[in-house]
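Participant: Questions regarding the structure given below will be posed in turn.
The values are calculated or read from the model by the stated rules, or taken from the named source; none is laboratory data. Just so we're clear, the structure is a prediction, and the values are computed from it rather than from any experiment. Cβ atoms come from the backbone with ideal geometry, glycine included; neighbour counts cover every protein chain shown. All accessible areas refer to the heavy atoms of the entire protein, side chains included, with ligands and DNA or RNA removed. Shrake-Rupley method; radii C 1.70, N 1.55, O 1.52, S 1.80 Å.
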Amino acid sequence: NNIPLVSVIIPAYNAEKYINQAIDSILNQTYKNIELIIVEDASTDNTLNLIKKYTDSRIRLFINNENKGIAFSTNRAIKESFGEFLAIMDDDDIASPKRLEISVRFLIEHPQIDLVGGSGIVINEKEETISTCATPRNNPKIIKSILLFRNWIMNSTVTMRRTVIFDNNIWYRENYCGMQDFQFYMEASKVAQFSSVPDILLYYRNHSENETTKQL
């Protein structure tokens, strides 16, 4: 089998409203050679029970014995992964059906690129479209300069080579007030080459319980 394994990472916490849509959007990808690693972070709602109802053998579930936060859970999932590529997914977003197919093809065709993101559509709690994100940049040098000032990368569009993390010992840091992904991309951009595709890879859900929104 020459098709690379992709490890999809979902840290899940109190996501009972949306977790099924997030999981289903990954299991129904056109790219099939995946493992879906979910770290359930001691939710106080029905999230864990909803996850346990799935019988797909590609799902690997890990449960934190106490709430550890999104950075810890993301790192734990990555450490448990086996894939050549790692795809990050938030527990309240919806991946477009070809998200992984497009991203993996890009990384295979561009061996000099370590991490690829893409465009997305912002939706609300009812899946109504709020806006469409601007076409992402694809020049690695421009991306590095933008990251000096702001994070324009949509987290749930990101697929990266495993080597970005394990060869450079770059991880998601805890206690970053909802900005742990921005911190990670800033650090990784120092040693890795980023790019993106213009394709819609994600439906990003904007609601009051977003991790970043809760920190404001």
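Participant: So what are the ³J(HN,Hα) numbers for region 153-168, from phi and the Karplus equation (6.51, -1.76, 1.60; θ = phi - 60°), rounded to whole Hz, Gly and Pro as x?
Facilitator: Going residue by residue, I get 7, 7, 3, 7, 9, 7, 10, 9, 6, 3, 5, 3, 8, 6, 7, 10 Hz, with x marking Gly and Pro.
Participant: Roughly how big is the chain's charge dipole about its Cα centre, with Cβ charges of +1 (Lys, Arg) and -1 (Asp, Glu), in debye to the nearest 20?
Facilitator: Dipole magnitude for the chain comes out near 580 debye.
Participant: Kindly flag which residue pairs out of 52/79; 126/190; 79/126; 52/126 have an alpha-carbon separation exceeding 32 Å in this structure.
Facilitator: 126/190; 79/126
Participant: Apply the Karplus curve 6.51 cos²θ - 1.76 cosθ + 1.60, θ = phi - 60°, to the phi angles in region 86-91 and return the couplings in whole Hz, x for Gly and Pro.
Facilitator: 10, 10, 8, 9, 7, 6
Participant: Give the separation of the Cα centroids, region 34-58 to region 72-100, in Å.
Facilitator: Value for the Cα centre distance between the two parts: 13 Å.
Participant: For the chain, what does -39500 (n - 2.57) per DSSP helix run (n ≥ 4), summed and divided by total residues, give at 222 nm, in deg cm²/dmol to the nearest 500?
Facilitator: -7000 deg cm²/dmol
Participant: Cα to Cα, under 12 Å, and not fewer than 8 places away if on the same chain: which aspartates and glutamates meet these conditions relative to residue 98?
Facilitator: 199
Participant: Would you work out the charge dipole size for region 30-70 about its Cα centre, treating the Cβ of every Lys and Arg as +1 and the Cβ of every Asp and Glu as -1, and quote it to the nearest 20 debye?
Facilitator: Here the size comes out at about 220 debye.
Participant: Right, next: Residue farthest toward the positive end of the dipole of the chain, with Cβ of Lys/Arg at +1 and Asp/Glu at -1: which of 95, 196, 71?
Facilitator: In the chain, that residue is 196.
Participant: Also: In square angstrom, rounded to the nearest 10, how much accessible surface does residue 123 have for a 1.4 Å probe?
Facilitator: Residue 123 has an accessible surface of roughly 10 Å² with all protein chains in place.
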